[in-house]
Amino acid sequence: MGDGPAIEAVGVTKTFGGTRALRGVDLTVTRGDFLSIFGPNGAGKSTLLGILSTLVRPTSGTVRVEGWDVREEAHRVRGRIGVISHQTLIYDDLTAWENLCFYGRMYGLSDLQGRVERALTQVGLAPRGHDRAGGFSRGMKQRLSIARSTLHDPSVLLLDEPFTGLDPSASDMLSGLLRTLKEGGRTVVMITHDIAHGLDLADRVALLVQGRWAYQGAAKDLNAAQLKATYERHAQAV
């Protein structure tokens, strides 16, 4: 929608009871950029992603995704985003094909068969399309989760700890898939504790500590050791 940023947040706060999860967060993500967000547990990362995905309402501040307000136009935002997390939201009793058809019908997608075929091919699961997901490895389920989240061709992907529970081989495969999605022009915001993969994929990196940005910068300006040192310095200062 328009030529503005893919994501724009101004003065976002979120309070749960007496706990302040976010304390005046500003965020701008340019279209096609990949932002990796790091931070200790309890920093407010998942809360921020929840707000961007319309699942959590901010206490104050404004958030727009592809120009749409996440409060007032949540249904439009949901049509433009894909959400991927360590919880794959895959039904074990259904085949890969049936899982994608189920979600495709929820979105009311046309050409569902073609979309499912393309999605399975993109994540390398076409040969296993008619196998039950319950027999898939953790890495295969995460690939199917990516297919599910991109079935409706979203322009923005929101990832919450997608590398959790993956072995090194599966992590590398996931990185390759995410890089392909990025090269396709999608905007990506990823929360992760995996410094190596998070830095390698990102255009920009950010560190959230106690609901505030402690660091933001270009990924090319840091190596993994420098990012880890920056993370530890700010996390230990809490």
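Rule-based calculations on the coordinates, nothing more; no lab input. Remember, predicted model here, so these are calculated numbers, not experimental data. Counting neighbours? That spans all protein chains shown, and the Cβs are built from the backbone with ideal geometry, glycine included.
At an R0 of 22 angstrom, the distance between the Cβ atoms of Arg57 and Asp153 translates into a FRET efficiency of 0.25.
Residues whose amide H lies under 5 Å from that of Ala21, counting only those 5 or more places away or on a different chain, are Lys14, Thr15, Phe16; hydrogens are built 1.01 Å from N in the peptide plane. Put simply, the amide H of Val209, placed in the peptide plane, has neighbours under 5 Å in Ala214, leaving out anything fewer than 5 places away on its chain. Over the chain, with a Gaussian network built from C-alpha contacts below 10 Å, which listed residue (Thr19, Thr62, Thr187) shows the highest mean-square fluctuation? Checking each option, the largest mean-square fluctuation is seen for Thr19. Taking amide H atoms as placed 1.01 Å from N in the peptide plane, the amide H of Ser85 lies under 5 Å from those of Asp160, each 5 or more residues away in sequence or on another chain. Couplings 3J(HN,Hα) of region 118-127, computed from phi: 5, 5, 5, 5, 4, 9, x, 10, 4, x Hz, in residue order, whole Hz [Karplus 6.51 cos²θ - 1.76 cosθ + 1.60, θ = phi - 60°; x for Gly and Pro]. Among Met173, Met140, Met106, the largest mean-square fluctuation in a Gaussian network model of the chain, built with springs joining Cα atoms closer than 10 Å, belongs to Met106. With θ taken as phi - 60° and the Karplus curve 6.51 cos²θ - 1.76 cosθ + 1.60 applied, the whole-hertz 3J(HN,Hα) list for region 32-39 is x, 7, 10, 10, 9, 10, 10, x Hz, x standing for glycine and proline. Given their separation in residues at 0.36 nm each and the Cα-Cα distance between them, His86 and Arg179 gain 31.7 nm when the chain is fully extended. Ordered by the count of other Cβ atoms within 10 Å of each Cβ, fewest first, Tyr215, Tyr103, Tyr91 give Tyr91, Tyr215, Tyr103.
For the chain, a Gaussian network of Cα nodes joined below 10 Å ranks Leu109, Leu144, Leu48 by mean-square fluctuation, and the top entry is Leu109. Within straight-line reach of Lys182, meaning a Cα separation under 19 Å, sit the following lysines at least 8 residues removed in sequence or on another chain: Lys220. What 222 nm value per residue comes from the helices of the chain, counting each DSSP H run with n ≥ 4 as -39,500 (n - 2.57) and dividing by all residues, nearest 500 deg cm²/dmol? Using -39500 (n - 2.57) per qualifying helix, the result is -10500 deg cm²/dmol.
The distance between label points at Asp172 and Ala74 comes to 4.2 nm (points 7 Å beyond Cα on the Cα→Cβ vector).
Averaging sequence separations of C-alpha pairs under 8 Å and six or more residues apart, then dividing by the length of region 7-236, give the relative contact order as a whole percent. Once divided by the residue count of region 7-236, the mean separation gives 28 percent. Would you give the gap between the C-alpha center of region 31-86 and the C-alpha center of region 139-157, rounded to a whole Å? The distance from the Cα centre of region 31-86 to that of region 139-157 comes to 17 Å. If you work out Cα Rg over 2.2 N^0.38 Å from the coordinates, which of (i) 0.94; (ii) 1.09; (iii) 1.01 do you get? This structure yields the entry labelled (iii).
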